[in-house]
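Encoded as structure tokens, the structure appears first; notes follow it.
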Amino acid sequence: MSTNFDRRRINGPEDSFSPVLVDDDEDETKWRPGKPRQSRQPQDIRPIFLQPGLISQANGSAYIETERTKIACAVYGPRQSKNVGYIERGRLNVQVKFAPFSCHKRRAPIRDAEDRSIAVLIHQSLVSSVRLELFPKSTIDVFLTIIENDGIDSCVATGTVAASTALADAGIEMLGLVTSCAATLMGEEIWLDPNHDEATAGASTLVLACMPALNVVTSVWQNGTISPKQGLECMKACQERCETIHSIVAQSLVSNFTPE
Amino acid sequence: MAATSVPSEEIRAATFQRLYPKTYLERFLQENVRPDGRDFLEFRDCSINVGSISTADGSSLVRLGDTTVVCGVKAEIAEPDLDAPEDGFLVPNLDLPPLCSPKYKPGPPSDDAQVISSRLNEALILSGMLPTKSLCIQPGKFVWVLYVDATCINYNGNVFDATLLAMVAALKNARLPKAVYHEETNHVTCSRKLREPLSLSGTPLASTFGVFDSSHLLADPTAFEEPLLETTVTIITDNGGRLLSTSQLGQYLPPEMDVLSECITNAKSRTTEIMKHILAI
């Protein structure tokens with residue numbers, strides 16, 4: 001019997017596979033590893049579209065789009081923690097969900113490890129910025145839905161920015177806005193904000209989250225092989241870019257703010 | 001004192017709405033207007049945006065007032081059922097994640113999501129919009145499976161209408177790669193460049209109405225109005241204005257009102273309006 005039959009959903013056939021695509025006549029315009037970066041400089045990031053407050057049912061929300069990465073984020077809370085005893089500090093709960101159509105291969109709606117690990121990384125970036133000591137017995141829920149995915153590093157970085165914007169939109173007290181930027185090591189060059197193809201081709205990827213207003217780093221996540229010197233260079237490049245993103249976030253929050 | 005009384009007025013209204021939702025709505029209806037300023041039989045503005053998700057074979061984003069639904073079509077290949085060797089599969093599902101409303105919790109699909117998904121499946125099947133035979137690649141060997149997944153991003157009522165519209169728009173936007181069956185190796189390859197639209201016929205469109213207090217008929221209810229309604233009536237018509245389905249959920253219809261015929265008349269004019277949006281995509 002099929003294992004993925006779920007009586008709570010409309011089911012398709014037991015087994016199906018993605019179409020096999022052929023006759024790719026060497027598309028010359030497509031980027032390939034080894035080629036110089038297309039349409040932007042190594043230190044450039046993709047344009048960011050950020051709109052807080054789109055989800056009217058939530059306490060705070062943000063929608064972010066950087067070319068092909070599209071993420072919606074909603075914040076509910078602080079609300080009462082259920083099924084736990086007295087806790088002095090509030091809890092920050094981050095959940096990430098991929099839409100089934102967000103990746104090249106269809107993502108069947110079952111729990112897998114990837115969304116959990118992204119949630120943990122975003123949680124880590126955010127948790128030191130939120131003043132949880134002000135919310136005893138409460139939970140702040142941060143839900144993210146990835147509508148289109150263009151690389152995991154990009155999802156973590158843009159997801160962090162969206163979540164921090166949504167927290168600010170919800171009026172939750174924070175020490176500062178958290179912004180995040182990814183980098184990949186391509187040969188000797190550092191390419192900021194890589195997309196999926198670039199991140200897979202690079203030797204190492206690094207995602208840095210920081211609070212530019214306080215000049216502190218909240219999380220660093222590095223993968224692959226990199227020398228300590230290059231690692232520090234990556235972090236420095238990311239941090240500079242985070243300051244640019246910080247002003248984008250602040251601008252979007254200001255233009256969305258309506259005094260009560 | 002004066003400085004504090006201005007916001008407190010607003011807060012008092014919000015508190016009253018929270019504590020006495022029914023009275024709150026009644027007071028608006030007495031003045032012949034709904035809390036969001038609409039007339040009783042007025043639908044919210046709707047916008048359709050297609051093809052913005054590159055990872056899907058077809059996609060759409062529909063906004064019905066604040067209610068927002070994203071839908072993506074993913075095409076996969078499978079073996080057909082033995083008793084229907086030429087029939088492909090159409091698999092529509094709606095997800096109502098905890099992101100879209102405080103009333104949904106993380107975990108398996110909620111009751112609402114299950115009910116709406118199965119109603120969407122029925123609507124798509126009975127409209128005959130997409131003949132499953134047209135999804136055949138090689139009879140008895142390979143057929144297309146179209147997963148039509150919708151995710152609600154913002155739940156402000158009447159998700160059924162918005163999702164059906166999103167699914168219809170995503171199917172119209174979908175382009176399937178041209179598939180070739182190789183008999184000697186018994187497998188299917190697809191062209192990366194040649195893509196074809198689906199052979200669609202008919203466009204099912206839904207219009208939902210609610211009855212409040214056995215006396216008022218409200219079109220396109222919001223999330224605030226929905227739980228206060230005794231009955232909801234959903235009319236599904238096709239693009240020619242022909243009736244495809246009528247469903248009533250909830251208590252009996254008040255006999256003193258001619259609810260059904262009024263719903264049908266309004267649904268038809270609504271469909272004509274929505275068709276303009278669909279033809280524009």
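The values are calculated or read from the model by the stated rules, or taken from the named source; none is laboratory data. Worth saying up front: this structure is predicted, and the values here are computed from it rather than measured. Every residue, glycine as well, gets a Cβ built from its backbone with ideal geometry; the counts of neighbours run over all protein chains shown.
Before moving on, here are some points about what is shown:
- Selection of region B:130-152 for residues being over 26 Å from B:Pro109 (Cα atoms) and hydroxyl-bearing (Ser, Thr, Tyr) yields B:Thr132, B:Ser134.
- If you filter region B:212-231 down to residues that are in contact with a Pro (Cβ under 7 Å, 6 or more places away or on another chain) and either crowded, with 18+ Cβ neighbours inside 10 Å or modelled with pLDDT of 90 or more (or both), you find that the one that is nearest to B:Arg34 (Cα to Cα) is B:Phe224.
- Yes/no for B:Thr246 being farther than 22 Å from B:Val69 by Cα, modelled with pLDDT of 90 or more and either in a helix (DSSP H, G or I) or among the β-branched types (Val, Ile, Thr) (or both): yes
- Residue check, A:Ile147 of a type outside the set (S, T, N, Q), in contact with a helix residue (DSSP H, G or I) (Cβ under 9 Å, 6 or more places away or on another chain) and crowded, with 20+ Cβ neighbours inside 10 Å: no
- Flag if A:Val96 is within 14 Å of another protein chain (Cβ to nearest Cβ), closer than 30 Å to B:Ala78 by Cβ, touching a helix residue (DSSP H, G or I) at 6+ places or on another chain (Cβ under 6 Å) and assigned to a strand (DSSP E or B): yes
- Taken together, A:Ala183, A:Ala203, A:Ala170, A:Ala199 contain a single residue that is farther than 26 Å from A:Ser39 by Cα and in contact with a Gly (Cβ under 9 Å, 6 or more places away or on another chain), which is A:Ala170.
- For A:Thr160, the conditions (1) polar (S, T, N, Q); (2) without any contact (Cβ under 8 Å) to a residue 60 or more places away in the chain; (3) within 14 Å of chain B (Cβ to nearest Cβ) all hold with the exception of (3).
- Qualifying residue in region B:177-197 (condition: touching a Gly at 6+ places or on another chain (Cβ under 9 Å), in contact (Cβ under 8 Å) with a residue 60 or more places away in the chain and surrounded by 15 or more Cβ atoms within 10 Å (Cβ to Cβ)): no
- Selection count, region A:215-237, where residues are free of Cβ contacts under 8 Å to residues at least 40 places away in the same chain and among the hydroxyl-bearing types (Ser, Thr, Tyr): 2
- Meeting the requirement of 3 or more residues that are on the phi > 0 side of the Ramachandran plot and among the hydroxyl-bearing types (Ser, Thr, Tyr), no strands (runs of 3 or more DSSP E) wholly within region B:1-100 can be named.
- Enumeration of residues in region A:118-138 that are part of a strand (DSSP E or B) and either under 16 Å from the mean Cα position of the chain (by Cα) or surrounded by 20 or more Cβ atoms within 10 Å (Cβ to Cβ) (or both): A:Val130
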